[in-house]
Amino acid sequence: MVLMVLSVVGSDRPGLTQALAAAVLSAGGNWLEGHLSRLGGLYVGSVLIELEADAVEGLRAAVDAVDAHGLEVRIAPAIDADDAGGEAFEFSLVGQDQPGIVNQVTTVLSGLGANIETFRSWIDAEPHSGAALFHIEARLRLATEGAASRIQTALEDISAEIMVDVVLKPAD
């Protein structure tokens, strides 16, 4: 068995998830995990599937049929990664929306060796004023001892500058 990652993007419309699921099933694949959403009016995401090694070409043919209906699908073999090691942390941020928040936060995180395993961001309205609030939720992997306190300090340093609240806590 091999693991494959399907990356998808296309104009959003009913039936895209079903077309992708049918392509995976027709190739004998098993849908293991997926992250699909509407983003900027497009249907975007990724899917991890498992299938027999000799079925990969069948998957490519099935995906070509989905491509013909306007959904671009890229297929790549998943990498057999060893256990990432280190500690997992949950990170959250909320503050007034402004350009550069993601850049500043990810600069701090990468500079201190944090691996971002998941990352989600969105904007919603502040309940009382209606002002745009920017949110981040991320799962981080910290490989070195003491990295959490260094990251917490660095994030607190920039939080005053960009006017955001940050929380870093061990993952469950």
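The values are calculated or read from the model by the stated rules, or taken from the named source; none is laboratory data. Bear in mind that the values here come from a model prediction, so they are computed numbers and not experimental data. Because the Cβ atoms are built from the backbone with ideal geometry, glycine has one as well, and the counts that use them run over all protein chains shown. In case anyone asks, the SASA skips ligands and DNA or RNA and just uses the protein heavy atoms, side chains included. Shrake-Rupley method; radii C 1.70, N 1.55, O 1.52, S 1.80 Å.
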Determine the distance separating the Cα centre of the stretch 35-74 from the Cα centre of the stretch 16-30; give it in Å without decimals. 8 Å
Please compute P(r) over all alpha-carbon pairs of the stretch 1-130, binned at 10 Å starting from zero, and give each bin as a whole-number percent. 10, 31, 28, 23, 7, 1
So what's the angle, to the nearest 10 degrees on a 0 to 90 scale, between helix 16-26 and the longest Cα principal axis of the chain? 50 degrees
Angle check, please: helix 101-111 long axis (alpha carbons) against the longest principal axis of the chain (alpha carbons), in degrees 0 to 90, nearest 10. 90 degrees
Relative contact order as a percentage, the chain, C-alpha pairs under 8 Å and 6+ apart, gives 23 percent
Ignoring everything except DSSP H segments at least 4 long, calculate the 222 nm mean residue ellipticity for the chain; use -39,500 (n - 2.57) per segment, divide by total residues, nearest 500. -9000 deg cm²/dmol
Accessible area in square angstrom per residue, the stretch 8-60, 1.4 angstrom probe: 55 Å²
Using only Cα atoms, find the angle between the long axis of helix 56-67 and the longest principal axis of the chain, and express it within 0 to 90 degrees, rounded to the nearest 10. 80 degrees
What is the spin-label model distance, in nm, from residue 122 to residue 35 if the labels are put 7 Å beyond Cα along the C-beta direction? 1.4 nm
